[in-house]
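Undergrad: I'd like to ask you about the structure that follows.
Please treat every number below as a calculation from the coordinates, not as lab data. From a predicted model like this one, the values you see are computed outputs, not experimental measurements. Methodologically, a virtual Cβ is constructed for each residue, glycine included, from the backbone with ideal geometry; neighbour enumeration extends over all protein chains shown.
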Amino acid sequence: MIYDTLIAPFAEFAFMRRALVGTLALALGAGPVGVFLMLRRMSLVGDAMAHAILPGAAIGFLVSGLSLFAMTAGGLIAGFVIAVGAGVIARVTELKEDASLAAFFLISLAVGVTIVSLKGTNIDLLHFLFGSVLALDDHTLLLIAGITTLSVLVLAVIYRPLVLECVDPGFLRSVSRAGGPAHIAFLALVVMNLVGGFHALGTLLAVGVMMLPAVTARFWARDVTAMILIAVAAGAISGYAGLLVSFHLGAPSGPAIILVAGALYAVSVLVGRVGGVLRQIFPARHLEA
Amino acid sequence: MSAALAFDNLTLGYDRHPAVHHLHGEVKSGALIAVVGPNGAGKSTLFKGIVGMLKPLAGGIDLCGLRARDIAYLPQVADIDRTFPISVYDMVAMGLWRKAGLFGGIGKRERDKVRDAMLAVGLSGFEERPIGTLSGGQMQRTLFARLLLQDGRVVVLDEPFNAVDTKTAADLCDLVRRWHTEKRTVIAALHDLELVKSMFPEALLLAREPVAWGATKDVLTAENLLKARRMCEAFDEHAEACAA
């Protein structure tokens, strides 16, 4: 019974195994990135970036159809141009990062829609928005795994300046010039993980697997390292449980994964150890000192 | 004694309006200097210039072989996100950046140093506390511990004893004296003139223009202080270009 419910779907169907591997890889790559987005108060940046890569991927699609390479390249280029452009403008002018990003992604979206409509092609919008995690081929899996690997490695390199820049940017500037490059590298990671997630879950849900585990982790840890581990675990659980839910109930898989992540978040808001609602309503007795 | 810093007809400011005007002089290596002046006198601006956060409008600063990044700097208002989930220990350990950098290991010797620094500022036992739970004075102690670890030949302190109680101020003053005996160059902006007179052998009185610079008792005269107070603080929107 337990075997039938929890393991058999993956043991019997190759597409389920692929989907599981893909979502686990996404959780490992996107979780830590999401934690830093949240800590830098850039939670909505992921959403903006997801909109920004959409036109790039659409142009890739127009040029060469449903080609993995073209859509990935298009998404990456659009994402990088916007991330770097917004980052640079925020650093050299008075404009704050979120404002400059808003300007960029709106322009990108308009450019994308214009190009697509000029071509007069009707693209498969559902695929773009909600992906197809149950139809991951070898190349797409390799792409996602590669992005995750690169993402974890880069994060290891820029970890210290990234944390410093969140806590005390003035101090980092006074001891090192690593802040700027680390910031740009981090934005690149956001783009890469969104493009990876885009193939499996579509642009909208890719943000979900990045941000929901991160905001969930905030309710369970007071320390960045623990927060990252919890976010990865929450992402992995969402992927696994979401695929099972979708398998047994016949629900669409991408949204099922995000709904499980959303449920984890909702439970954490209620019973979370760090600032959860129940903890605030029924606080433990205060201490002696 | 050799110089640690030299100001060459230095003018610093914002949008072409000078906040420090034509400062000329040398800070000797190992000096203990108080920078005194009313609010808006240009003290913080001068410090930002020294650590390279502000480009001079004219003139220059010679760091005499140091890089701006080798100067340990405590800003007046640190832009610290106190909600960030990081412990006091890690916050202090940031002071090791120059040695450890991106990837350098933090071994037993470094951990001992962090512990010593926390002991020196009276924060032993606070290692695991998140920085969000610290009081203002404890935060200032934390920042001083980090400065200790930075091990800078030049230490720049912008109003370090603001909003801390007398006990904390006294403890932190001891650290400043310790830096002085270790032959480090210390430049601090202060408002407490009694403290300046008792502790700092040298003072610079600033009111946008340098008013006086030298031995503290010669600088902090009633006449000089009055002169400093009279100098206006506001920008003149329609000021002419400076000919000097």
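Undergrad: So, counting K/R as plus one and D/E as minus one, what does the shell of residues with Cβ under 11 Å around B:A72 add up to?
TA: That works out to +3.
Undergrad: Moving on. Any idea what the relative contact order of chain B is, in percent, if you count C-alpha pairs under 8 Å spaced at least 6 apart?
TA: 27
Undergrad: Please list the helices of chain A that count as membrane-span-like by this rule: a mean Kyte-Doolittle hydropathy of at least 1.0 together with Cα atoms stretching 30 Å or more along the helix axis, each helix being a complete DSSP H run.
TA: A:14-39, A:68-92, A:97-119, A:138-167, A:179-217, A:224-249
Undergrad: Can you give me the C-alpha center-to-center distance between segment A:190-211 and segment B:143-194, rounded to a whole angstrom?
TA: Computed from Cα coordinates, the inter-centre distance equals 48 Å.
Undergrad: Note the full-extension length gain between A:M1 and A:D223 as 0.36 nm times their separation in residues minus their Cα-Cα distance, in nm to one decimal.
TA: Length difference between fully extended and current span is 76.0 nm.
Undergrad: Once you order the gyration tensor axes a ≥ b ≥ c over the Cα atoms, which shape class does segment A:1-142 get: rounded for a/c under 1.5, otherwise prolate or oblate by comparing a/b with b/c?
TA: Here segment A:1-142 falls in the oblate category.
Undergrad: Something else now. Please state the relative contact order of segment B:1-139 as a whole percent: Cα pairs under 8 Å, 6+ residues apart?
TA: Relative contact order of segment B:1-139: 22 percent.
Undergrad: Could you work out the helix-only [θ] at 222 nm for the protein assembly as shown, with each DSSP H run of four or more residues adding -39,500 (n - 2.57) and the total divided by the number of residues, to the nearest 500 deg cm²/dmol?
TA: Helices in the protein assembly as shown give a 222 nm mean residue ellipticity of -19000 deg cm²/dmol.
Undergrad: Follow-up question, since we're still on this one. Once the Cα atoms of helix B:166-181 and of chain B are each reduced to a long axis, what angle between those two axes, in degrees from 0 to 90 to the nearest 10, is obtained?
TA: 80
Undergrad: Beyond 42 Å, what percent of the Cα pairs of the protein assembly as shown remain?
TA: Of all Cα-Cα pairs in the protein assembly as shown, 35 percent lie more than 42 Å apart.
Undergrad: Give the order of A:S64, B:S2, A:S174, B:S29 when sorted by the count of other beta carbons within 10 angstrom, beginning with the fewest.
TA: B:S2, A:S64, B:S29, A:S174
Undergrad: Take the Cα atoms of chain B, find their three principal axes, and give me the spread along each one in whole Å, biggest first.
TA: Projected onto its principal axes, the Cα set of chain B covers 57, 40, 37 Å.
Undergrad: On to the next question. Tell me, in nm to one decimal, what length is gained between B:M231 and B:I106 on full extension, where the rule is 0.36 nm per residue of separation less the Cα-Cα distance?
TA: Computed gain between B:M231 and B:I106 is 40.0 nm.
Undergrad: While we're looking at this one, here's another question. Which aspartates and glutamates have a Cα less than 14 Å from the Cα of B:K108, not counting those fewer than 8 places away in the same chain?
TA: The reachable aspartates and glutamates, counting only those whose Cα sits under 14 Å from B:K108, are B:D116.
Undergrad: What list of ³J(HN,Hα) values in whole Hz, one per residue of segment A:168-173 in order, does the Karplus curve 6.51 cos²θ - 1.76 cosθ + 1.60 (θ = phi - 60°) give from phi, with Gly and Pro shown as x?
TA: With the stated coefficients, segment A:168-173 comes to 8, x, x, 5, 4, 4 Hz.
Undergrad: Apply the Karplus parameterisation 6.51 cos²θ - 1.76 cosθ + 1.60, with θ equal to phi minus 60°, to every residue of segment B:118-128 and state each ³J(HN,Hα) to the nearest whole Hz, in sequence, with x for glycine and proline.
TA: Here the 3J(HN,Hα) series is 5, 5, 4, 9, x, 10, 4, x, 9, 3, 8 Hz.
Undergrad: What is the Cα centroid distance between segment B:96-141 and segment A:246-260, reported in whole angstrom?
TA: Between the Cα centres of segment B:96-141 and segment A:246-260 lies a distance of 47 Å.
Undergrad: Can you give the average number of partner chain beta-carbon atoms within 10 Å of each beta-carbon in peptide A:172-180, as a whole number?
TA: Partner-chain Cβ atoms within 10 Å, mean over residues of A:172-180: 5.
Undergrad: Another one. Principal axis lengths of segment A:127-234 from Cα atoms, whole Å, largest first?
TA: Between the extreme Cα coordinates on each principal axis of segment A:127-234 lie 49, 30, 20 Å.
Undergrad: Give me the Debye-computed log₁₀ of I(q)/I(0) at q = 0.20 Å⁻¹ for segment A:218-289, equal point scatterers on Cα only, no solvent, two decimals.
TA: Per q value, in the given order, log10 I(q)/I(0) is -0.85.
Undergrad: Please tell me the relative contact order of segment A:179-289 in percent, rounded to the nearest whole number, where contacts are Cα pairs under 8 Å and at least six residues apart.
TA: 23
Undergrad: For B:L5, enumerate residues with amide H under 5 Å from its amide H, sequence gap 5+ or separate chain, H modeled in the peptide plane.
TA: B:V27
Undergrad: Also, quick follow-up: For segment B:106-217, which semi-axes, largest first and in whole Å, follow from the square roots of 5 times the eigenvalues of its Cα gyration tensor?
TA: Those come to 28, 16, 12 Å.
Undergrad: Now for a separate question. With 10 angstrom as the radius, rank A:L164, A:L153 by how many other C-beta atoms surround their C-beta, starting from the fewest.
TA: The fewest-first ordering by Cβ neighbours comes to A:L153, A:L164.
Undergrad: What are the residues whose amide H is under 5 Å from the amide H of B:A212, where those residues sit 5 or more places off or on another chain and H is modelled from the backbone?
TA: The list, which skips near neighbours in sequence, is B:L205.
Undergrad: Sticking with this one: List the residues whose amide H sits under 5 Å from the amide H of B:G59, counting only those 5 or more places along or on another chain, with H placed 1.01 Å from N in the peptide plane.
TA: It is B:T11, by chain and number.
Undergrad: Under the definition of partner shielding as Cβ atoms of other protein chains within 10 Å of a residue Cβ, what is the mean value for peptide B:79-88?
TA: Mean partner-chain Cβ count within 10 Å for B:79-88: 6.
Undergrad: Here's something else I'd like to know. Hey, how many Å between the Cα centroid of segment B:1-33 and the Cα centroid of segment A:1-78?
TA: The distance from the Cα centre of segment B:1-33 to that of segment A:1-78 comes to 54 Å.
Undergrad: Evaluate Rg over Rh across segment B:43-134, taking Cα atoms for both radii and Kirkwood's formula for Rh.
TA: That ratio is 1.04, to two decimals.
Undergrad: So how far apart, in nm, are the two label points at A:K96 and B:D62 if each is 7 Å from Cα heading toward Cβ?
TA: Result: 4.4 nm between the two label points.
Undergrad: Then there is this: Sort B:K183, B:K43 by Cβ crowding within 10 Å, fewest neighbours at the top.
TA: Going from sparsest to densest Cβ surroundings: B:K183, B:K43.
Undergrad: In the calculated pair distance distribution of segment A:2-281, what percentage of Cα-Cα distances lie above 35 Å?
TA: Counting every Cα pair in segment A:2-281, those more than 35 Å apart make up 17 percent.
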